[in-house]
Amino acid sequence: MSVLIAPSILSADFAKLGEEVAAAERGGADLIHVDVMDGHFVPNITIGPLIVRALKRVTRLPLDVHLMITEPDRYIEPFREAGASMISVHVEVLPHLHRTVQAIKALGAKAGVVVNPSTPVSALGEVAGDVDFVLVMSVNPGFGGQTFIPRSESKVREARALLDRAGNHQAGVEIDGGIDLTTAPRVVAAGASILVAGSAIFHAPDPERATRDLKAAAEGALRASSPAAR
Ligand code: DX5
Ligand code: ZN
């Protein structure tokens, strides 16, 4: 078992995106997390497949595309074609979540399902055996730099248990929102294996070093936590 660090470019300087991503990559980032927002599901508007395609040219790291949009089914293929390796969709907007998960996998990408802070992990019960990862939102989606919601720690535990009960031991639990040197060890001990971090990396004076420090903190917590806690 390992912990992956996924810097979120939402907090990066978009005027020098290539350099920002390169710094995170030098610091040991495992993925690049891309936040797609449509101004409907969340109040903010961010980026589309064009930027994913541009990122694909400047990094070897897999692109982890988090769709915070009301109609994800319409955009899975364009994002996959643009270079997304992982695509996650919110359970809150998908009455046919099982079909969407299968559609993502059929395109050869890893399929993730996301729960907002107010959505119970149990909403994912019927797809727990199908997904490649579960993403627990530890802030309300829409903006970087928000405070970690403490209850998320036990939701990570619940998500890990749900996947294990479904026999889906290889699927990971990702966590997104308010992850920094203080919260990272706590969520890793709870069973998180993919840590998204935006402001803790790109608002730091040295994003390369911030990535390295976060990874070290996460790996330290993984070594310290007992197998039973994972
Ligand atoms: C929030 C996004 C996050 C965001 C996290 O809606 O999904 O990925 O970039 O930012 P921090 O790490 O600053 O909370
Ligand atoms: Zn995100």
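If you go through the stretch 36-54 and pick out every residue that is under 9 Å from Gly142 (Cα atoms) and outside any loop (DSSP other than H, G, I, E, B), you end up with 2.
Touching a Leu at 6+ places or on another chain (Cβ under 9 Å), closer than 18 Å to Ile47 by Cβ and surrounded by fewer than 21 Cβ atoms within 10 Å (Cβ to Cβ): is that true of Glu81 in this structure? Taking the combined requirement at face value, the residue satisfies it. Just one of the numbered conditions (1) touching a Lys or Arg at 6+ places or on another chain (Cβ under 9 Å); (2) modelled with pLDDT under 95 is not true of Ser226: (1). Looking at the stretch 6-24 only, could you name the residues that are out of contact with any strand residue (DSSP E or B) (no Cβ under 8 Å at 6 or more places or on another chain) and of a type in the set (A, V, I, L, M, F, W, C)? Within the stretch 6-24, Ala12, Phe14, Ala15, Leu17, Ala22, Ala23 qualify.
The set of residues in the stretch 181-212 being away from ligand 2 (no atom under 15 Å from the Cβ) and in a loop (DSSP other than H, G, I, E, B) consists of Leu181, Thr182, Gly191, Ser193, His203, Ala204, Pro205, Asp206. Out of the residues in the stretch 1-28 meeting the condition of being under 19 Å from Gly145 (Cβ atoms) and among the hydroxyl-bearing types (Ser, Thr, Tyr), tell me which one is farthest from ligand 2 (Cβ to nearest atom). Looking at residues that are under 19 Å from Gly145 (Cβ atoms) and among the hydroxyl-bearing types (Ser, Thr, Tyr), I get Ser11. Can you name every residue in the stretch 157-184 that is touching a strand residue (DSSP E or B) at 6+ places or on another chain (Cβ under 9 Å), small (Gly, Ala, Ser) and within 16 Å of Phe133 (Cα to Cα)? Across the stretch 157-184, the qualifying residues are Ala159, Ala171, Gly172.
Of the residues that make up the stretch 27-45, is at least one more than 16 Å from ligand 1 (Cβ to nearest atom), among the acidic types (Asp, Glu) and under 17 Å from the mean Cα position of the chain (by Cα)? Scanning the stretch 27-45, I find no residue that is more than 16 Å from ligand 1 (Cβ to nearest atom), among the acidic types (Asp, Glu) and under 17 Å from the mean Cα position of the chain (by Cα), so the answer is no. Scanning the stretch 55-74 for residues that are under 26 Å from Glu20 (Cα atoms) and part of a loop (DSSP other than H, G, I, E, B) returns Thr59, Arg60, Leu61, Pro62, Ile69. Just one of (1) away from ligand 1 (no atom under 16 Å from the Cβ); (2) within 13 Å of the chain's Cα centre (by Cα) fails for Ile175. It is (1).
Scanning the stretch 179-230 for residues that are of a type in the set (A, V, I, L, M, F, W, C) and more than 16 Å from ligand 1 (Cβ to nearest atom) turns up Ala189, Ala190, Ala216, Ala221, Leu222, Ala224, Ala228, Ala229.
Looking at Leu162, Leu107, which is the one that is more than 29 Å from Glu219 (Cβ to Cβ) and either hydrophobic (A, V, I, L, M, F, W, C) or touching a helix residue (DSSP H, G or I) at 6+ places or on another chain (Cβ under 8 Å) (or both)? Explain how you work it out, then say what you get.
On the way: Leu162 fails: more than 29 Å from Glu219 (Cβ to Cβ).
None of the others qualify; the one that does is Leu107.
Test Ala171 against the stated conditions and say whether it is crowded, with 17+ Cβ neighbours inside 10 Å and more than 16 Å from ligand 2 (Cβ to nearest atom). So Ala171 fits the description; yes.
Does at least one position in the stretch 149-159 carry a residue that is in contact with a His (Cβ under 9 Å, 6 or more places away or on another chain), at pLDDT 95 or above and either within 12 Å of ligand 1 (Cβ to nearest atom) or on the phi < 0 side of the Ramachandran plot (or both)? Give the derivation first.
Quick first cut of the stretch 149-159, residues in contact with a His (Cβ under 9 Å, 6 or more places away or on another chain) only: none.
No, the stretch 149-159 contains no residue that is in contact with a His (Cβ under 9 Å, 6 or more places away or on another chain), at pLDDT 95 or above and either within 12 Å of ligand 1 (Cβ to nearest atom) or on the phi < 0 side of the Ramachandran plot (or both).
The values are calculated or read from the model by the stated rules, or taken from the named source; none is laboratory data. Predicted, not measured: the structure shown is a model, and the values here were computed from it. Neighbour counts run over all protein chains shown; Cβ positions are idealised from the backbone, glycine included.
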